[in-house]
1. Return the only residue of Pro37, Pro52, Pro48, Pro41 being surrounded by fewer than 10 Cβ atoms within 10 Å (Cβ to Cβ), within 17 Å of Ala84 (Cα to Cα), over 13 Å from the mean Cα position of the chain (by Cα) and at pLDDT 75 or above.
2. Could you give me the residue pairs with C-beta distances under 7 Å whose first residue belongs to the range 47-68 and is assigned to a loop (DSSP other than H, G, I, E, B), whose second residue is surrounded by 14 or more Cβ atoms within 10 Å (Cβ to Cβ) wherever it lies, and which are 6+ apart or on separate chains?
3. Would you confirm, using the coordinates I've provided, whether Leu73 is of a type outside the set (Val, Ile, Thr) and at pLDDT 90 or above?
4. Sort out which residues of the range 69-85 are in a loop (DSSP other than H, G, I, E, B), at negative phi and either acidic (Asp, Glu) or without any contact (Cβ under 8 Å) to a residue 40 or more places away in the chain (or both), and write them in order of number.
Amino acid sequence: MMLEQIELDFTQPTPQADFSPQPAAQDSQGARADTFPVGCPVFLRGAPYGQPGRVLKVSRDKATVWWTDLNYLGHHACNSLMPADVPKEGMS
């Protein structure tokens, strides 16, 4: 079995990647990475149960959250979180 060899042309310039900063990503709810400052209490969107987690770090639209009641360090997309001070459904 013979493998086909590809001819490479090293005389052409190499395309350059664009590393310019991009605008902040937003989800449909409008939550951006800067929505959750460090120390902010949060719940997972759609699951406001138990004790809220605490945001430890936000980087590239991902939040590192410490869930005390679970003894768990989670990494979540910012659009999957909501602030803990939002009233829970069914409670007034």
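1. Values: Pro52 fails: surrounded by fewer than 10 Cβ atoms within 10 Å (Cβ to Cβ); Pro48 fails: surrounded by fewer than 10 Cβ atoms within 10 Å (Cβ to Cβ); Pro41 fails: surrounded by fewer than 10 Cβ atoms within 10 Å (Cβ to Cβ).
Testing whether each residue is surrounded by fewer than 10 Cβ atoms within 10 Å (Cβ to Cβ), within 17 Å of Ala84 (Cα to Cα), over 13 Å from the mean Cα position of the chain (by Cα) and at pLDDT 75 or above leaves just Pro37.
2. Pro52/Pro41; Pro52/Val42; Pro52/Phe43; Pro52/Ala84; Asp61/Ala33; Asp61/Ala77; Asp61/Cys78
3. Values: of a type outside the set (Val, Ile, Thr): yes; at pLDDT 90 or above: yes.
When the stated conditions are applied, Leu73 passes them.
4. Initial filter on the range 69-85 (in a loop (DSSP other than H, G, I, E, B)): 71, 84-85.
Within this subset, residues satisfying the condition of being at negative phi are 84-85.
Answer for the range 69-85, where residues must be in a loop (DSSP other than H, G, I, E, B), at negative phi and either acidic (Asp, Glu) or without any contact (Cβ under 8 Å) to a residue 40 or more places away in the chain (or both): just Asp85.
The values are calculated or read from the model by the stated rules, or taken from the named source; none is laboratory data. Keep in mind the model is a prediction, meaning the values are calculated, not measured. With ideal geometry, Cβ positions are generated from the backbone for all residues, glycine too; neighbour counts draw on all protein chains shown.
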